[in-house]
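Take a look at the structure set out below.
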Amino acid sequence: MINIPSLRPESRYGLPVADHILFNRHYVLGYSYYFRQAKWAMEIVDSSMMTLERADNFRPDFRIPEMFRADLADYEESGFDRGHLVASANQNEVAIQNSETFLLSNMAPQKPQFNRGIWKQLETAVRKLDAKEDIYETYVISGPIFDFDTPIARIGASDDNGVTLPVPNSYFKSVLTEDKRGDLNMWSFVLPNEASDKPLESFLVPTVVVERLVGIFLWDRLTGQKIEQEKKNVRKMWKT
């Protein structure tokens, strides 16, 4: 039996479930047909290989069946940004690498003040973390969170069945680093889809909270008695 996670470096420590797994050249994405957007997107951040300008070529992902995929028209005049899950600035060593981050499968509706504010700050902080001299690799998984106890906004014109694109209430980002000593460190964040001037540390949560909110396992390949103990210990304070 082929062990799919072992085929990609991004999924070294786990590959969550999704309706449709999309293997891009430099990141892996799990798509939700129900929400018409990604359930999660996984990448390795390499801050030393960032040299290109943004491609800005937003476009549908035609690997997804038409009835389940988002389109540019969904975002037009909606008041919401096409928010990257895998940040463009994280993947710009070569042109095609950056271009693939502008597939709409890698987008989710974000309020402009959130996308250009606290979410961007967190993306920048992750790159700063990866740039530290003692960090070998930085793994990141990001995605939307829907709270069904609160109203969920929708954008885009409804299709023949009245289906529109739901707007996430919050977003998560889980960061796993491996340093030169072989130590692992993990931080997970849940950020409401709204403007905020709070420090990033205030959005830290135990990784299990994200798993319960989204319905996936994160970094589930951290197994075995020794590693399980490490997994408990890696949830340390955020330091960049």
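The values are calculated or read from the model by the stated rules, or taken from the named source; none is laboratory data. Everything numeric in this text was worked out from a predicted model, so none of it was measured. All Cβ positions, glycine included, derive from the backbone under ideal geometry; neighbour counts span all protein chains shown.
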Those residues of the stretch 138-153 which are in contact with a strand residue (DSSP E or B) (Cβ under 6 Å, 6 or more places away or on another chain), crowded, with 16+ Cβ neighbours inside 10 Å and either within 14 Å of Arg36 (Cα to Cα) or modelled with pLDDT under 95 (or both), in sequence order: Gly143, Pro144, Ile145
Which numbered condition Tyr171 misses (of (1) at pLDDT 95 or above; (2) buried (at least 16 other Cβ atoms within 10 Å of the Cβ); (3) over 30 Å from Asp74 (Cα atoms)): (3)
The stretch 27-47: number of residues that are free of Cβ contacts under 8 Å to residues at least 40 places away in the same chain, assigned to a strand (DSSP E or B) and within 17 Å of Ile155 (Cα to Cα): 1
Residue list for the stretch 61-78, restricted to those being buried (at least 17 other Cβ atoms within 10 Å of the Cβ) and under 29 Å from Phe217 (Cα atoms): Asp61, Ile64, Arg69, Ala70
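Based on this model, can you work out whether Met107 counts as at pLDDT 95 or above and more than 24 Å from Glu201 (Cα to Cα)? Write out each step before concluding.
Working: at pLDDT 95 or above: yes; more than 24 Å from Glu201 (Cα to Cα): yes.
Judged against the criteria, Met107 is a match.
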Options Glu133, Glu123: the member that is on the phi < 0 side of the Ramachandran plot, charged (D, E, K, R) and either touching a Cys at 6+ places or on another chain (Cβ under 6 Å) or at pLDDT below 95 (or both): Glu133
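Going by what's in this entry, would Val94 be described as more than 30 Å from Met67 (Cα to Cα) and crowded, with 19+ Cβ neighbours inside 10 Å? Even if it seems obvious, please write down each step before you answer.
Values: more than 30 Å from Met67 (Cα to Cα): yes; crowded, with 19+ Cβ neighbours inside 10 Å: no.
Spelling it out, it is not the case that Val94 is more than 30 Å from Met67 (Cα to Cα) and crowded, with 19+ Cβ neighbours inside 10 Å.
Taking into account only those residues within the stretch 174-186 that are within 16 Å of Ala41 (Cα to Cα) and out of contact with any Leu (no Cβ under 6 Å at 6 or more places or on another chain), which is surrounded by the most Cβ atoms within 10 Å (Cβ to Cβ)? Talk me through it step by step, then tell me what you get.
Filtering the stretch 174-186 for residues within 16 Å of Ala41 (Cα to Cα) gives 174-176.
Those left that are additionally out of contact with any Leu (no Cβ under 6 Å at 6 or more places or on another chain): 175-176.
Details: Val175: 21, Leu176: 23.
Result: Leu176.
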Some residue of the stretch 90-110 being within 21 Å of Val190 (Cα to Cα), in contact with a Lys or Arg (Cβ under 6 Å, 6 or more places away or on another chain) and not hydroxyl-bearing (Ser, Thr, Tyr): yes
Conditions (1) touching a residue at least 60 places away in the same chain (Cβ under 8 Å); (2) in contact with a strand residue (DSSP E or B) (Cβ under 8 Å, 6 or more places away or on another chain); number of the one not met by Val175: (1)
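Could you list, in sequence order, the residues of the stretch 124-134 that are closer than 21 Å to Pro192 by Cβ and surrounded by 20 or more Cβ atoms within 10 Å (Cβ to Cβ)?
Looking only at the stretch 124-134, we keep the residues that are closer than 21 Å to Pro192 by Cβ, and these are 124-126.
Selection gives Val126 alone.
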Neighbours by Cβ (under 7 Å, 6+ apart or cross-chain): first from the stretch 69-91, more than 15 Å from Thr101 (Cα to Cα); second outside any helix (DSSP H, G or I) and acidic (Asp, Glu): Arg69/Asp61
Selection count, the stretch 187-206, where residues are crowded, with 16+ Cβ neighbours inside 10 Å and in a helix (DSSP H, G or I): 2
